[in-house]
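Okay, structure first, notes after.
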Amino acid sequence: MHIEIEPKIMYFGTTVVLISTINGDGTSNLAPMSSAWWLNQSCMLGMSSKSQTVQNLIRTKECVLNLPSTDLIPAVEQLTLLTGSNPVPETKAQRGYRYEGDKFGISGLTSIPSHQVQAPRVLECPVQLEAVLQAVQPFEQPSSLVSLEVRIVRVHIHEQLQVIGHPDYINPVQWKPMIMNFCEYFGLSEQLSSSRLAPVFGPK
Ligand SMILES: Cc1cc2nc3c(=O)[nH]c(=O)nc-3n(C[C@H](O)[C@H](O)[C@H](O)COP(=O)(O)O)c2cc1C
């Protein structure tokens, strides 16, 4: 039996991403988000244009998508309800957000230089994807939401994620993404079975 409902959110479970960008004064910003999906060498991000991250992305056209594993939930919690926007936009202030100029410091995460972009990488994240902005589109108008297409230009992974003998392949058994599922944190289960798609994209 199915029933009709009108949920406030449709967060059916997506990867948490920590986006690092460069502020107008040259300092760095770091923000958690999870409306992200992946296609080929690109990623589509869904964000409010009121966020400092989107302002920075539109200005600099660069970012790093840092993918935390489940052990970094405490650091992501430290970044929650913070914004790099000063003053804090009214709608965010009403929801309890406050300004924070040192997101790396407050989360205890370590900033390290990137290779292709100015925005720093997060050392503790096992996956760090340097990316450049390709397109911005309004999303679900009227609203402040936008979709941002970014192209990945450099991929850094922790060596433990690499498939032994296949340098350009990531071992999905080793990768433990942090999943936001209706505003709660989850991990993935163990592998359930192999897929008929695996031989198409997997190491030969
Ligand atoms: C786990 C998590 C996921 C989030 N996902 C999104 C998202 O997909 N899109 C969005 O606009 N904000 C999302 N947020 C809220 C942003 O983190 C928030 O807007 C923050 O103020 C952005 O920081 P900034 O203003 O410094 O860029 C998420 C927050 C958390 C903690």
In whole Å, what is the distance between the alpha-carbon centres of region 145-204 and region 87-125?
-> 24
Difference of contour (0.36 nm per residue) and Cα-Cα distance, Thr110 to Val173 | 20.1 nm
Express the accessible area of region 14-201 per residue in Å², computed with a 1.4 Å probe while the remaining protein chains stay in the model.
-> 56
Applying the Karplus parametrisation 6.51 cos²θ - 1.76 cosθ + 1.60 with θ = phi - 60° to the phi angles of region 59-76, what ³J(HN,Hα) value in whole Hz is obtained for each residue in order, glycine and proline being reported as x?
-> 6, 9, 6, 9, 6, 10, 9, 9, 9, x, 8, 4, 5, 9, 3, x, 5, 5
What fraction of the Cα pairs in region 14-201, stated in percent, has a spacing above 31 angstrom?
-> 15
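What is the calculated FRET efficiency for Ser42 to His158, with r their C-beta to C-beta distance and R₀ = 22 Å, to the nearest 0.05?
Taking R0 as 22 Å, the efficiency between Ser42 and His158 is 0.50.
Using DSSP to define loop residues, name the chymotrypsin sites (Phe, Trp or Tyr not before Pro) in region 8-89 whose beta-carbon has at most 14 other beta-carbon atoms within 10 Å.
Phe12
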Quick one: which of 68-76, 190-198 comes out on top by average Cβ neighbours within 10 Å, and what's the full order, highest first?
-> 68-76, 190-198
For region 14-201, the accessible surface attributable to carbon and sulfur atoms (probe 1.4 angstrom, ligands and nucleic acids excluded) amounts in percent to 54
Only helical DSSP H runs with n ≥ 4 go in: add -39500 (n - 2.57) per run for the chain, normalise by residue count and round the 222 nm mean residue ellipticity to 500 deg cm²/dmol.
-> -3500 deg cm²/dmol
Quick one: which residues, 5 or more positions from Arg154 or on another chain, have an amide H under 5 Å from its amide H? H modelled 1.01 Å from N in the peptide plane, none for Pro or chain starts.
-> Glu130
In the structure shown, of Lys50/Lys103; Lys8/Lys103; Lys8/Lys92, the pairs separated by more than 19 angstrom at the C-alpha atoms are Lys8/Lys103
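Computed FRET efficiency, Cβ-Cβ of Glu77 and Leu188, R0 25 Å: what is it to the nearest 0.05?
It comes to 0.80.
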In region 89-166, which GluC sites (Glu not before Pro) fall in coil by DSSP and have 14 or fewer other Cβ atoms within 10 Å?
-> Glu140
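The values are calculated or read from the model by the stated rules, or taken from the named source; none is laboratory data. What you see is a predicted model; the values in this text were computed from it and never measured. Cβ atoms come from the backbone with ideal geometry, glycine included; neighbour counts cover every protein chain shown. The accessibility values were calculated without ligands, DNA or RNA, using every heavy atom of the protein model including side chains. Shrake-Rupley method; radii C 1.70, N 1.55, O 1.52, S 1.80 Å.
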